[in-house]
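Trainee: Got a structure for you, written out below as structure tokens; questions coming shortly.
The values are calculated or read from the model by the stated rules, or taken from the named source; none is laboratory data. Given the structure is predicted, the values throughout are model-derived calculations rather than measurements. With ideal geometry, Cβ positions are generated from the backbone for all residues, glycine too; neighbour counts draw on all protein chains shown.
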Amino acid sequence: MGSRSTPNGAVLRSPNITPDKTTGIGAWTRETFISRFKQYSDSTYTSPAINWEAGDFQTVMPWSMYTGMTQEDLGAIYDFLRTVKPVASVVERWTPPGS
Ligand code: HEM
């Protein structure tokens with residue numbers, strides 16, 4: 001899998017979202033999946049980026065844009081992802097800079 005480091009040398013990788021039960025999201029229920037996206041719609045949600053320090057985890061996953069999707073659309077994405085072949089692959093999502 002390809003990856004590219006950020007300007008400060010950290011590496012962010014897209015995780016395994018196939019239905020593999022241990023290394024993917026196969027253990028997630030439909031509700032877990034939908035609420036993972038919807039948590040950013042909660043007006044009490046505080047982004048960790050507010051107290052961000054150089055080297056802290058950052059993501060390009062467009063969570064704040066996708067949180068506006070309807071439960072129905074998110075559910076449809078979940079249903080589709082369940083049809084994908086499970087792949088056993090551990091992904092290290094974040095490697096901090098300098099490691
Ligand atoms: C409809 C499209 C997408 C879906 C359904 C989706 C789904 C997900 C899910 C479920 C996770 C969390 C996985 C976990 O915690 O194990 C995730 C994380 C991630 N996604 Fe996406 N994603 C989408 C689009 C994208 C796009 C467009 C990008 C980048 C351009 C992206 C990059 C990432 C990255 C880097 C992570 C790991 C960091 C994090 O958890 O924020 N995704 N995605």
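Trainee: Would a scan of the stretch 1-13 turn up a residue that is of a type outside the set (A, V, I, L, M), near the ligand (Cβ under 8 Å from one of its atoms) and surrounded by 12 or more Cβ atoms within 10 Å (Cβ to Cβ)?
Mentor: Yes, because at least one residue in the stretch 1-13 is of a type outside the set (A, V, I, L, M), near the ligand (Cβ under 8 Å from one of its atoms) and surrounded by 12 or more Cβ atoms within 10 Å (Cβ to Cβ).
Trainee: Kindly provide the set of residues from the stretch 16-53 that are aliphatic (A, V, I, L, M) and modelled with pLDDT under 85, ordered by number.
Mentor: Ala49, Ile50
Trainee: Check Ser35 against each of (1) surrounded by 11 or more Cβ atoms within 10 Å (Cβ to Cβ); (2) among the small types (Gly, Ala, Ser); (3) touching a residue at least 24 places away in the same chain (Cβ under 8 Å) and name the one condition it does not meet.
Mentor: Among (1) surrounded by 11 or more Cβ atoms within 10 Å (Cβ to Cβ); (2) among the small types (Gly, Ala, Ser); (3) touching a residue at least 24 places away in the same chain (Cβ under 8 Å), Ser35 violates only (3).
For (1) farther than 19 Å from Ala10 by Cβ; (2) touching a residue at least 40 places away in the same chain (Cβ under 8 Å), each residue gets a yes or a no:
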{"site": "Tyr40", "(1), (2)": "yes, no"}
{"site": "Ser43", "(1), (2)": "yes, no"}
{"site": "Pro48", "(1), (2)": "no, no"}
{"site": "Ser64", "(1), (2)": "yes, no"}
{"site": "Gly75", "(1), (2)": "yes, yes"}
{"site": "Phe80", "(1), (2)": "yes, no"}
{"site": "Thr95", "(1), (2)": "no, yes"}
{"site": "Ser99", "(1), (2)": "no, no"}
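Trainee: Applying the selection to the stretch 72-99, what residues are surrounded by 14 or more Cβ atoms within 10 Å (Cβ to Cβ) and of a type in the set (S, T, N, Q)?
Mentor: Thr95
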